[in-house]
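J.: Can you read through this structure? Questions will come right after.
Rule-based calculations on the coordinates, nothing more; no lab input. Every value quoted in this text rests on a predicted model; they were computed, and no experiment measured them. All Cβ positions, glycine included, derive from the backbone under ideal geometry; neighbour counts span all protein chains shown.
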């Protein structure tokens, strides 16, 4: 279906062609190169070939890439130009790219310059921190005017230190006075924790003073290698700090000036990424003295281009279709309409090459379920319009673009179901008309209003769910029949097609149509009997009895169908919340000026409901696909096709002629 | 106050009180985990915020039911109808409370997942949304009971 068919390729070439071939393979970007680890561990192979590892080159490039990323991040902070909401890669053509790469050394120099500026800013920052710590250390001693290197004279000692803040300095003084009076003890300053004190005393009194100070937990403070008074030191530090701040400002200015080189540094970054990837790919090759060998996968549609390229480089090559049952890397390809929904599949897991791509089968269900749960003309129009504008702007690519585009589909579905259920921002039309007009304007649903006819909506949800489940079973039957397991397809799928409606007829009875219960009874008996009997003929051993187990699956189907009640519940939740908000807006509006609070409340509350209900519709529509639909048949053990190509981050290189 | 109205209002208190409180707890847990992740990488603010917002849905279901029941209670006079309204709020209240809190735990794990690995937002969202299934069923049952009053 929509899994791209892959071909295997292998090529042998001579050494001289290797580098140019790798470069061009990368530019072509359609091949996945296989790892050769197994071959290198194989004795027969390793006798003739060796692998090549360019680990040191790769790690060198890696380190450089990290540094340049850091440079770009820093420049981003200084770039004053307006940043777009979604960053897109700059598009340049092949020719311009190779031309600009010639100026590589200039880019390298630019990046280095930014790097050195970043380093010096960091150093300046460190210095500033140190100075600030010093200033904090000096601050309590600001009023202490003895030079800090002075610890005494011939006959006296000078000590400074800290005491706990609760110490009463008077008590300490009198304690010392009892022994000697050749001392002076005073508080310089104090804060919440400590008292900062100095003590001057005669050498003869040293013992007495020292003992008393110890008793009152005096901790000596020593300023190592510091000279001059505290005030001098603080002034010196302040001056240094100002000088550092100056230096910092200059460095930042030069950085800001470098911001204009951002584009070329981005190009340099991507150049490095390409180089790294190519160096990394070297270990996917086997080499001898003069030749190299490589193999891998290529989409069948690109086989010809690959063959031509290999031939041009004088390689011997083979391109073959994969063997039956061989697992190939998975690449999904769907038409333009289905393509955006692929992200729902890849979010779950890619199909293996033996399975089919479920995307085209569930795409419409996914979109439709989202629409039923969100169901509002206003919300749908907004969602579709936003998506349309974003996709058309061309600024987005890859998964982001796919995501936004499929949301646009969901928006259209939301609008349509909004018409069906008669909802425009909830019941905004009738509320606005009742508040400001004569109350006659009412938006009538095309079909029915789920809030009024809950039971009707419930039945509708179940029927939609049954269709969804039946389609999933159909895919399962298709896969079983394809693999020749017809009996399993009959017992596991076709008889259920009869059993489930049979049960519905039986339970709903004659209210559906005359004789419904009789028809239902027979359908149920026959199909249930079949489900039990078929494995008895088709299976082997104990498997013959598996029909009874399978019949128990009826419980599973019941809970599956009930799960579709979320279509009803989320639809109700969304529209009733909208109605409640509209009611609040209507109550707040009175008179002609009332239109202002009315609009404000409507605006704010609907943004809220749009986001919350929208998120709910998205995750629950996805859940119905994953659990109820894909659970029936899907394994999803595929591994994504990862082509060897230029994976650039900032620029997109396009060929001139396309 | 009429006795029927009292019953109805008690129902609204149960419906919103329980599920609202549960959602508040869930969002608080998610918010704390998110702050931890954003501390490491501030670009993940948007993604974690979406997950935290997910925690509010159970409370919104309760809010919705409470609104409907309050409006309805204003005109109820007899005890029978009031009791019926009260009972219709019990599924939403009980399941809403429990579902919101356990969803909070799943959200915390989802936020951790995003912290370790970017680009896994939708998976984390879906794990949390699975739990909500039962809050949705509870709302449905409550709504059916309510609309059959």
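J.: Report the calculated FRET efficiency for residue B:147 and residue B:127 (r = Cβ-Cβ distance, R0 = 45 Å), to the nearest 0.05.
T.: Values: r = 32 Å, r/R0 = 0.71.
Computed FRET efficiency for residue B:147 and residue B:127: 0.90.
J.: Order these by the 10 Å Cβ neighbour count, fewest first: A:414, A:50, A:230. Don't jump to the answer; show the numbers that get you there.
T.: Details: A:414 31, A:50 12, A:230 23.
If I rank by nearby Cβ atoms, fewest first, I get A:50, A:230, A:414.
J.: Roughly what would the spin-label model give for residue A:603 and residue A:483, points 7 Å off Cα along C-beta, in nm?
T.: Output for this residue pair reads 5.8 nm.
J.: Let me ask something additional. Do me a favour and compute the ellipsoid semi-axes for the stretch A:150-222 from its Cα gyration tensor, root of five times each eigenvalue, largest one first, whole Å.
T.: Here the semi-axes work out to 19, 14, 9 Å.
J.: Further question on the same structure: Quick check on the stretch A:249-352: what does the Kirkwood estimate of hydrodynamic radius come out to from the alpha carbon pairs, in Å? Could the numbers behind the result be given before it?
T.: Working: mean 1/r = 0.0527 Å⁻¹.
Taking the inverse mean of 1/r over all distinct Cα pairs, the stretch A:249-352 comes out at 19.0 Å.
J.: If one computes P(r) from the Cα atoms of the stretch A:339-632, what percent of pairs lie at distances over 37 Å? Each step should come with its number before you reach the end.
T.: On the way: 12685 of 43071 pairs.
Beyond 37 Å sits 29 percent of the P(r) for the stretch A:339-632.
J.: Report the label-to-label distance for residue A:364 and residue A:80 in nanometres (one decimal), using points 7 Å from each Cα along the Cα→Cβ vector.
T.: Taking the simple label geometry, residue A:364 and residue A:80 are separated by 5.7 nm.
J.: Separate question: What is the calculated FRET efficiency for residue A:645 to residue A:463, with r their C-beta to C-beta distance and R₀ = 41 Å, to the nearest 0.05?
T.: 0.30
J.: Moving on. What percent of all Cα-Cα pairs in the stretch A:502-658 falls in each 5 Å bin, counting up from 0?
T.: It works out to 2, 7, 8, 8, 9, 9, 10, 9, 8, 8, 7, 6, 5, 3, 1, 0, 0, in whole percents.
J.: For the stretch A:333-387, go through all pairs of different Cα atoms, get the mean of 1/r, take its inverse, and jot down that Kirkwood value in Å. Let's see the in-between values first.
T.: Values: mean 1/r = 0.0790 Å⁻¹.
Taking the inverse mean of 1/r over all distinct Cα pairs, the stretch A:333-387 comes out at 12.7 Å.
J.: Enter the mean projected area of the convex hull around the alpha-carbon atoms of the stretch B:56-101, in nm², rounded to one decimal.
T.: Over all viewing directions, the stretch B:56-101 projects a mean Cα-hull area of 3.0 nm².
J.: Which of A:633, A:425, A:448, A:537 comes first, and how do the rest follow, when ranked by fewest Cβ neighbours within 10 Å?
T.: A:537, A:448, A:633, A:425
J.: With the calculation restricted to Cα positions, what are the radius of gyration and Dmax of chain A in angstrom?
T.: Gyration radius and largest Cα-Cα distance of chain A: 39.4, 125 Å.
J.: Measure nothing fancy, just the Cα-based angle from helix A:303-312's long axis to the longest principal axis of chain A, in degrees from 0 to 90, nearest 10.
T.: For A:303-312 against chain A, the angle is about 60 degrees.
J.: Would you mind checking the tilt of helix B:79-116 against the longest principal axis of the Cα atoms of chain B, expressed as 0 to 90 degrees and rounded to 10?
T.: Tilt of helix B:79-116: around 0 degrees.
J.: From the square roots a ≥ b ≥ c of the eigenvalues of the alpha-carbon gyration tensor of the stretch A:267-326, which class results: rounded (a/c under 1.5), prolate (a/b over b/c), or oblate?
T.: Here the stretch A:267-326 falls in the prolate category.
J.: Moving on. Tell me the volume per residue, in Å³, of the convex hull enclosing the alpha carbons of the stretch B:3-147.
T.: Convex hull of Cα atoms, per residue: 78 Å³.
J.: Right, here's the next one. Just from its helices, what would the mean residue ellipticity at 222 nm be for the protein assembly as shown, if runs of 4 or more DSSP H residues each count -39500 (n - 2.57) and the sum is divided by every residue, rounded to the nearest 500 deg cm²/dmol?
T.: -21000 deg cm²/dmol
J.: Expressed in nm to one decimal, what extension gain is obtained for the pair residue A:45 and residue A:238 from 0.36 nm per residue of sequence separation less their Cα-Cα distance? The partial results should precede the final answer.
T.: Values: separation 193, 0.36 × 193 = 69.48 nm, distance 7.16 nm.
Residue separation times 0.36 nm, minus the Cα-Cα distance, leaves 62.3 nm.
J.: Then there's this: Output the relative contact order of chain A, whole-number percent, from Cα pairs under 8 angstrom with separation of 6+ residues.
T.: Relative contact order of chain A: 22 percent.
J.: Among B:29, A:45, what is the fewest-to-most ranking by other Cβ atoms within 10 Å?
T.: With the fewest neighbours first, B:29, A:45 line up as A:45, B:29.
J.: May I ask for the angle, rounded to the nearest 10°, between helix A:206-215 and the longest principal axis of chain A, with both axes built from Cα atoms and the value confined to 0 to 90°?
T.: Long axis of A:206-215 versus the principal axis of chain A: about 30 degrees.
J.: Okay, next question. Taking the Cα of residue A:250, stepping 7 Å toward and past its beta carbon, and measuring to each backbone N in the stretch A:102-146: which are under 14 Å?
T.: Taking a point 7 Å out along Cα→Cβ of residue A:250, the residues of the stretch A:102-146 whose backbone N falls under 14 Å are A:117, A:120-121, A:124.
J.: Another question, if that's okay. Taking just the alpha-carbon atoms of the stretch A:26-93, what radius of gyration and Dmax come out, in angstrom?
T.: Over the stretch A:26-93's Cα set, Rg and Dmax evaluate to 20.3, 61 Å.
J.: Using r as the Cβ-Cβ distance of residue A:593 and residue A:399, and R0 as 51 Å, what FRET efficiency do you calculate, to the nearest 0.05? Mind dumping the intermediate values first?
T.: Working: r = 48 Å, r/R0 = 0.94.
With R0 = 51 Å, the Cβ-Cβ based efficiency is 0.60.
J.: Treat each spin label as a single point 7 Å out from the Cα along the C-beta direction, and report the residue A:455 to residue A:227 distance in nm.
T.: About 10.2 nm, to one decimal.
J.: Under 20 Å from the 7 Å Cα→Cβ point of residue A:73, by amide nitrogen: which residues of the stretch A:120-147?
T.: Flagged as within label range: A:120-126.
J.: If you restrict to DSSP beta bridges whose two residues both lie in the protein assembly as shown, what percentage is antiparallel, to the nearest 5?
T.: If I count the DSSP bridges inside the protein assembly as shown, around 85 percent turn out antiparallel.
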